[in-house]
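Written below as structure tokens is the structure these notes are about.
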Amino acid sequence: MGVNPVVHSGDPEINAAGHPGVLTTSLRKVLNWSRKASLWYMTFGIACCAIEMMATGASRYDFDRFGMIFRASPRQSDLMIVSGTVNEKLAERIVNLYDQMAEPRYVIAMGACATNGGPYHGLYNVVNGVHEIIPVDVYVPGCPPRPEALLHGVLQLHEKILNEGLPVRA
Amino acid sequence: MADEEKELQSQEAPAEGSRGEHGEKQRPARRTRTPKKEEAPGPHDTLEDLPGELARAVERIRAGLPGVEVRGRRDHWLEIRTEPSRWVEVATFLRDDPELRFDYLALLTGIDRLDDGFEVVVHLNALTSNLRLILRTQVPREEPVCPTLTGVWPGANWHEREAYDLLGIRFEGHPDLRRILLKEDWVGHPLRKDYIDRRPPRKIQVKADWERRA
Amino acid sequence: MATTSPPAQAPDVRVVPDEQDRSSSHLYVSMGPQHPSTHGVLRLKARIDGERIVDVDPDIGYLHRCFEKHSEQLTYPQIVPYTDRCDYLAAINNELTFALAVEKLLGLEVPPRAQYLRVITMELQRIASHLIAFGTFAMDLGATTAFLYCWRERESIINLLEEISGARMLFHYVRIGGVRNDVTDDWLRRVRAFVDDFISDKLPQYHRLITGNRLFVRRTKGIAVLTPEDAIAWGASGPVLRGSGVARDLRKVEPYCGIEKYDFNVPVGENGDVFDRYMVRMLEMEESAKIIKQALEGIEAGDVMAPLPRRWKVEGETYVRTEGPKGEVGCYLVGDGSDKPYRLHWRAPSFVHLQLIPVISKGLLIADLVAVIGSLDPVFGEVDR
Amino acid sequence: MARIATFFDAVWSILKGMGVTFREMVRPTITEFYPYTRPELPDGARGIPVLLSDEEGNLKCVACELCAKICPPQIIEIIWHRGEDGKGKKILDGFNLDASRCMFCGLCAEVCPFEAIAMSDVYELTTDDPTTFVYDIKRLAELGRKQTTPITNYGVKTTYVGTEASGKTVPLDSVVTRPAVGQPGSERTAVSQ
């Protein structure tokens, strides 16, 4: 999604199709693995889902098991868990925060509201899903999703990261 | 087709609300009945013989505020309807009268009554005697202006801002009357019954666009 | 719809720019809406002089979800799950308030067992809400451990409530006319076991951890004093009002669900500072446990749901208020005889309490602002609705 | 002198707090290791609504549309026609449920007079494709057939064949690579490259 799975190298031979090259594929794996294993997420609680996100980070479910610790600043975090209803007033702030995050950055739309507007879909002040403002990697429906459901979403994101290619800078 | 569908449904399906909203599978069959007027009075009914405390309060208000309509309700709330021009005067009297002392503003809100304009409703409470009172007034829809109560109860501040934001009732003399819940450049007042959402639709964002942008 | 006003309202816009007086030495600091210690999406525009706060302007509305407008389009049973999402930390209290309002208009009599179950779940919810208030408050002041401990107990409460309602947070348990379903005796026994363990083991632990801590006391005592006169004038309620020394508890003043039968105290503070508001919450948890114990002893067998009318004709208007964990939760309901409300206004205690921030935080250090927010315990689902 | 007393007081209060944490250290932990152990959900847990079938495998739904009417976010769409030349019973053609907007309130299951729709214990609805939010009749029926016992609103145990019960250990890799049973993305690969 977005990032081309093209191996980053100046060597045309290695870049040719069917010749990914030993070194770069391993590098890709190592990079993806390390990215996956230390997803620092931004403490960005909006609504009810934020409480479940806090529950997931707290003692019973424990995000730390996945190497996930919360960062208060968008500049230090890789993952934004949009947990709650996004409305018109908040929308531009979310774009601001997303722009401040360093790449590669990931977004999980947690809960029905962030996924699709949820129970508040189509009301006058509600943005119908955070994917109308910023790109979303993984959707976790639920109202609010159980912490297990969020963890499942995070595992899906891990898998997605593992299969990512190296980014090519133009 | 749509009409036919509706008709058929109403024949087949039991009335909505009669069964099932509350999961009664494990309970014996439910008796359904409509509450009769006598046994279940609505709380809005006027009560003629008020208990002593309320009757005294009503007399006090009638004496202190001539020309103001007071009534006691069945759920022991007093109710005053007044003109916007006497709004602050009535409120100040209710707060300052040593016997009444309505010092606690629980709620201020507005209702869109369509042709009758907007109704501003205030729920007051006297903490010492727990007297309860509803103060209401009506402002015209074309010119929804009401005097502010922030000078009487400072807690009315945000309630009035909210009523201004969502209903468009302007409170004259309010120290800081601006939108509170919606964006500052929002057009219209959504709690009005004739509000139409005119936002343009949005597209789903794709990550590739954002990577390119960066 | 017949109206007299023009269909498209003329733009009634008054954009107020951030008035920055560049000549003065004041600095404007914007906290939020994404800030780790604002308990949600609150923005505080603080004008500071050095480290001292000159003025604060809370900016809310980042979670406005059109609840009041939306409820005009929903039937009464459909609104109940939406009321959960107002104060999502105390879903049961919200459901209860709304259910009481509709029951009052319908003239429904709730069976006694449902009353007991309402009281038990309501007080469990109050403990859970105060636990979060305490945990996040402690975390804002730098004590992360207490936060984790609070979640442990909250998860126990959630487990208990999940068992009877099926959901983890937004329970949708209290319904118009009663409660969703009956509970088993085993569940009641486990509630009892939890409450006993909570009072004898867990609550003293919190006190050892936080209340006696000198650093905590120094950061909270004498900070952001709210006088009783101010508290009443600004419409404060709940622990904020009681922390200022006004013993007003709606469970005592306007009893509902038969709570007048229970024996419990109303803890009040003396100084009205941050510490007192915190302490009132801690003591209230004990009182809640007391109420739960009495309810568990008194609970009787029977139906949990009143017979509902076949057609819902909700007419008239009412204002019903209950004592939520944050304060006076009120539901102003205007019915026009149809199955949908004509107007529903939600009186949210946090909304009123946030007005107090400019009142009580003048002259404080900017670091104390965090303590002030924590002591007011706002929940933005109900502030913005 | 007072300063020294204050200092020792502060140190003592910190030590007291540390005592609590040390005592807590030797207590059993409460952490659940989610991908390895799955939680045992209580009776009547409210996951996504599913359609139930009778013993012969036919759906119980008779398209009375009560659930579609009561649903607060209005996400249930029922498609039906009249059998026998437009006069007979309603015949169910389709049933769409937008899982992304569902608020899991359980009203649809409670309102159903035929116990044809029920709240399941499926909560792993994660997807990365917004087009798969809507569950059609096939997916809902498949999810419903996996229930061994018909789930009523509450009180009846919702067992779900295929899920690992609490306490069983599943290797993390298998969970990651193999989509969990009953999870919506199972028929498509979870990762779009």
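General remarks:
- Spin-label pair B:ARG101/C:SER200, simplified geometry with 7 Å Cα→Cβ offset, distance in nm: 4.5 nm
- Take the Cβ atoms of A:GLU92 and D:PHE22, set R0 to 51 Å, and the FRET efficiency comes out at 0.60.
- Sorted by Cβ density within 10 Å, fewest first, the residues A:HIS158, C:HIS39: A:HIS158, C:HIS39
- Mean partner shielding of peptide B:195-206, defined as the number of other chain Cβ atoms within 10 Å of each residue Cβ, is 5.
- Computed over chain C with a Gaussian network model linking Cα atoms closer than 10 Å, the most mobile of C:PHE194, C:PHE275, C:PHE98 is C:PHE194.
- Contour minus Cα-Cα distance for C:LYS313 and C:ASN265 (0.36 nm per residue): 13.4 nm
- Scaled radius of gyration (Cα, divided by 2.2 N^0.38 Å) that the range C:259-345 gives: 1.55
- For peptides D:106-115, D:2-11, C:265-274, D:51-60, sequence by mean Cβ density within 10 Å, most packed first: D:106-115, C:265-274, D:51-60, D:2-11
- Chain C shape via C-alpha gyration tensor axes, a/c threshold 1.5: oblate
- Using C-alpha pairs below 8 Å separated by at least 6 residues, the relative contact order for the range B:47-144 is 24 percent.
- The mean of 1/r over all pairs of different alpha-carbon atoms in the range C:206-305, once inverted, gives a Kirkwood hydrodynamic radius of 15.1 Å.
- In this structure the amide hydrogen of C:TYR28, modeled in the peptide plane, comes within under 5 Å of the amide hydrogens of C:ILE48, none closer than 5 places in sequence on its chain.
- The C-alpha atoms of the range D:49-144 occupy a region whose extents along the principal axes are 43, 28, 26 Å, arranged from largest to smallest.
- Phi angles across the range A:43-51 convert, under the Karplus curve 6.51 cos²θ - 1.76 cosθ + 1.60 with θ = phi - 60°, into 3J(HN,Hα) values of 6, 10, x, 10, 9, 3, 4, 4, 5 Hz, Gly and Pro given as x.
- Inter-chain neighbour count for C:340-351: the average number of beta-carbon atoms from partner chains within 10 Å of each residue's beta-carbon is 3.
- Counting neighbouring Cβ atoms within 10 Å and putting the fewest first, the residues B:VAL88, C:VAL119 line up as B:VAL88, C:VAL119.
- The share of C-alpha pairs in the range B:47-144 whose separation exceeds 25 Å stands at 17 percent.
- By the beta-carbon count within 10 Å of each Cβ, the least crowded to most crowded order of C:MET139, D:MET18, fewest first, is D:MET18, C:MET139.
- Distance between modelled label sites at A:TRP40 and B:ARG178, nm, 7 Å Cα→Cβ extension: 3.5 nm
- If R0 is 41 Å, the Cβ-Cβ spacing of B:GLU143 and C:LYS45 corresponds to a FRET efficiency of close to 0.80.
- For residues of C:70-79, the mean tally of beta carbons on other chains within 10 Å: 5
- Spacing of the modelled spin labels on C:GLU300 and D:ASP9, each 7 Å from Cα toward Cβ, amounts to 5.3 nm.
- Distance cut-off 24 Å, percentage of C-alpha pairs in the range A:41-142 lying past it: 16 percent
- Whole-percent pair-distance distribution, where bins are 10 Å wide, for the alpha carbons of the range B:69-214: 11, 36, 27, 12, 7, 5, 2, 0
- Relative packing of peptides A:39-45, D:123-129, C:309-315 - highest average C-beta neighbours within 10 Å first: D:123-129, A:39-45, C:309-315
Quick note: the coordinates plus some simple rules give every number you see, no bench work behind them. Everything numeric in this text was worked out from a predicted model, so none of it was measured. We place every Cβ from the backbone using ideal geometry, glycine too, and count neighbours over all the protein chains shown.
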